[in-house]
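The values are calculated or read from the model by the stated rules, or taken from the named source; none is laboratory data. This is a predicted model, so every value here is computed, not measured. Cβ: placed from backbone, ideal geometry, glycine included. Neighbour counts: every protein chain shown. Accessible surface is based on the protein model in full, side chains and every heavy atom, while ligands, DNA and RNA are left aside. Shrake-Rupley method; radii C 1.70, N 1.55, O 1.52, S 1.80 Å.
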Amino acid sequence: MPCFLLALVLLAPRLAVALLWYFTHWFDGLFPSLLLPIIGFLLLPTTLLWYSAVHHWFGGAWTLWPVVGLVVAIAIDLGALRGHRRFTSRRS
């Protein structure tokens, strides 16, 4: 079951955020306003999930491994944004 959840998060992070938001109390008390989770949902969903995981699993302490995970999450999110760019070839 945990492997299935990890695959869900990596393949469809927005779906994972929506399911966690609707069915659990995972995001309760993490954000001072509703604006930050909405922006995270739209732009950086994997980073939003990792941020909430750090607060739940690491007690909100940003030590080495949470920071490494944050860098990986940002790379996943930005890689997905840059992956849709089309490369055109030069014609000589």
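What full-extension length gain, to one decimal in nm, is calculated for His25 and Ile38 as 0.36 nm per residue of separation minus the Cα-Cα distance? Walk me through the numbers before you get to the answer.
Values: separation 13, 0.36 × 13 = 4.68 nm, distance 1.60 nm.
Taking 0.36 nm per residue and subtracting the Cα distance, the gain is 3.1 nm.
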TODO: Compare the peptides 58-67, 13-22 by average per-residue count of other Cβ atoms within 10 angstrom and give them in order, highest first.
DONE: 13-22, 58-67
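How large is the charge dipole for the chain, taken about the Cα centre, if only the Cβ atoms of Lys, Arg (+1) and Asp, Glu (-1) carry charge, to the nearest 20 debye? Don't skip to the answer; put the middle values down first.
Working: 6 positive and 2 negative charges, 150 e Å.
Using Cβ point charges on Lys, Arg, Asp and Glu, the chain gives about 720 debye.
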TODO: Find the relative contact order for the chain and round it to a whole percent, using C-alpha pairs within less than 8 Å whose residues are 6+ positions apart.
DONE: 23
TODO: For the chain, would you read off the P(r) tail past 17 Å as a percentage of all alpha carbon pairs?
DONE: 55
- [ ] Whole number in Å², please: accessible area per residue of the chain, 1.4 Å probe, ligands, DNA and RNA not counted.
- [x] 79
